[in-house]
Amino acid sequence: MKNRYVIKGLLLLSLAGGVIIAGDIETDDHDKELQIKSSVQISEKSNEVEEIKAAKVTISDVIANIQAKFSGKITKVELENKDGNLVYESELFQDDGKTLEIIVDAGNGKILASSIDEPDYEEDDEKGEEKED
């Protein structure tokens, strides 16, 4: 009978230890860089003029495409060179108050990725401290 209690106790301790260890594992993936592949490949050292010339889709086309697929207010659309992939990076403020980041292929206008954009807080802001000027 004592062996049964010992086994149960060890089992509970091992389960509790597993929960404690699991609590220390970081599951936040928002810092992982999203891998995208655009239909327009360009040198990472290209300048803004070269990027504009290489883009086959206009900002107006991107805005129309986003508005057709998502509801909310577009707050940003920028032509970006992401590791040699030419894309439009845009932000859309949704009705629920969240900001959606949308990446659109600058060559064919297809939406390559969309994700909720988490706000960036500085370390002092997280602690609730006021900054001094």
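The values are calculated or read from the model by the stated rules, or taken from the named source; none is laboratory data. Just so we're clear, the structure is a prediction, and the values are computed from it rather than from any experiment. Note: ideal-geometry Cβ built from the backbone for every residue, glycine included; neighbour counts use all protein chains shown.
In this structure, is Ser46 assigned to a loop (DSSP other than H, G, I, E, B) and closer than 21 Å to Ile116 by Cα? Step through it out loud before you land on a result.
Values: assigned to a loop (DSSP other than H, G, I, E, B): yes; closer than 21 Å to Ile116 by Cα: no.
So Ser46 fails the test.
Could you identify the single residue in Asp83, Asp105 that is touching a residue at least 60 places away in the same chain (Cβ under 8 Å) and not aliphatic (A, V, I, L, M)? Steps first, answer last, please.
Details: Asp83 fails: touching a residue at least 60 places away in the same chain (Cβ under 8 Å).
Result: Asp105 is the single residue among Asp83, Asp105 that is touching a residue at least 60 places away in the same chain (Cβ under 8 Å) and not aliphatic (A, V, I, L, M).
So Gly128 fits all but one of (1) more than 20 Å from the chain's Cα centre (by Cα); (2) small (Gly, Ala, Ser); (3) modelled with pLDDT of 90 or more; what number is the exception?
Result: Gly128 fails condition (3) only.
Please determine, by comparing only the residues of the range 68-116 that are small (Gly, Ala, Ser) and in a strand (DSSP E or B), which one is nearest to the chain's Cα centre (by Cα). Before the answer, list the steps.
If we filter the range 68-116 for residues that are small (Gly, Ala, Ser), which is where we start, we get 68, 71-72, 84, 90, 97, 106-107, 109, 113-115.
The next check asks that each one be in a strand (DSSP E or B); those that pass are 90, 113-115.
Values: Ser90: 12, Ala113: 9, Ser114: 8, Ser115: 5 Å.
Per the criteria, the residue is Ser115.
Of all residues in the range 41-63, count the ones that are surrounded by 15 or more Cβ atoms within 10 Å (Cβ to Cβ) and over 16 Å from Lys82 (Cα atoms).
Residues meeting the conditions: 5.
Name the residue, out of Glu89, Glu78, Glu50, that is in contact with a Lys or Arg (Cβ under 8 Å, 6 or more places away or on another chain) and modelled with pLDDT of 95 or more. Steps first, answer last, please.
Details: Glu78 fails: in contact with a Lys or Arg (Cβ under 8 Å, 6 or more places away or on another chain); Glu50 fails: in contact with a Lys or Arg (Cβ under 8 Å, 6 or more places away or on another chain).
On inspection, the qualifying residue turns out to be Glu89.
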